[in-house]
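Scroll down for the structure; my scribbles are underneath it.
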Amino acid sequence: MKKVFAAGLAALWLTVLTGCSRGGDIEADLVFVNQSDAVIVEVVVAFQDQSGGTRNADSSPLKRGESFGFEAGEYPVTVYVYDKAVGDVAEGALAQLTIREAPPEGERWYVAARDGTRGLTLLTSDHLPDPDEAG
């Protein structure tokens, strides 16, 4: 399983390095947006046919407002958020969210990390979330 994860991570890093990692890019059909004060170091997506993650090059926590985009594989997809660099997707997530269906053609899903009363909350939407909206 670790080899499969490593292969998926390598493929996703290639996507990140080719310019698909920021939320505004056309290729991204799943965009993670940090709208929290939580310490988020790595974001991992696990699609039915691949998985991988991304983080800042220096492994520093994402700042409020930072985003990463992912070119999706087969849905459903689960988004995992971690406070450290991870090797095993299944352990230690601060929060996770599963999206069952692909977005409509030409659209994308936005997953926003928000501070909640019970810790970090992930919310999904078909539009860029307003940072001032209540979670």
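Worth pointing out:
- So Ser51, is it closer than 17 Å to Gln35 by Cβ and in contact with a strand residue (DSSP E or B) (Cβ under 8 Å, 6 or more places away or on another chain): no
- Output for segment 62-96, where each listed residue is assigned to a loop (DSSP other than H, G, I, E, B), closer than 18 Å to Thr121 by Cα and hydroxyl-bearing (Ser, Thr, Tyr): none
- Among residues of segment 62-117 being in contact with a Ser or Thr (Cβ under 8 Å, 6 or more places away or on another chain) and polar (S, T, N, Q), the one that is surrounded by the fewest Cβ atoms within 10 Å (Cβ to Cβ) is Thr98.
- Looking at segment 1-61, the strands (runs of 3 or more DSSP E) lying wholly inside it that each contain 2 or more residues that are among the polar types (S, T, N, Q), modelled with pLDDT of 50 or more and under 21 Å from Pro129 (Cα atoms) sit at 30-35.
- Total residues in segment 50-85 satisfying the condition of being β-branched (Val, Ile, Thr) and touching a Gly at 6+ places or on another chain (Cβ under 7 Å): the figure is 0.
- One residue from Gly73, Gly92, Gly106 being farther than 20 Å from Ser36 by Cα and over 14 Å from the mean Cα position of the chain (by Cα): Gly106
- When residues in segment 62-74 are screened for being touching an Asp or Glu at 6+ places or on another chain (Cβ under 8 Å) and closer than 23 Å to Arg114 by Cβ, 4 of them pass.
The values are calculated or read from the model by the stated rules, or taken from the named source; none is laboratory data. The structure presented is a predicted model; accordingly, all values stated were derived computationally and were not measured. A quick note on method: Cβ atoms are made from the backbone with ideal geometry, for glycine too, and the neighbour counts reach across all protein chains shown.
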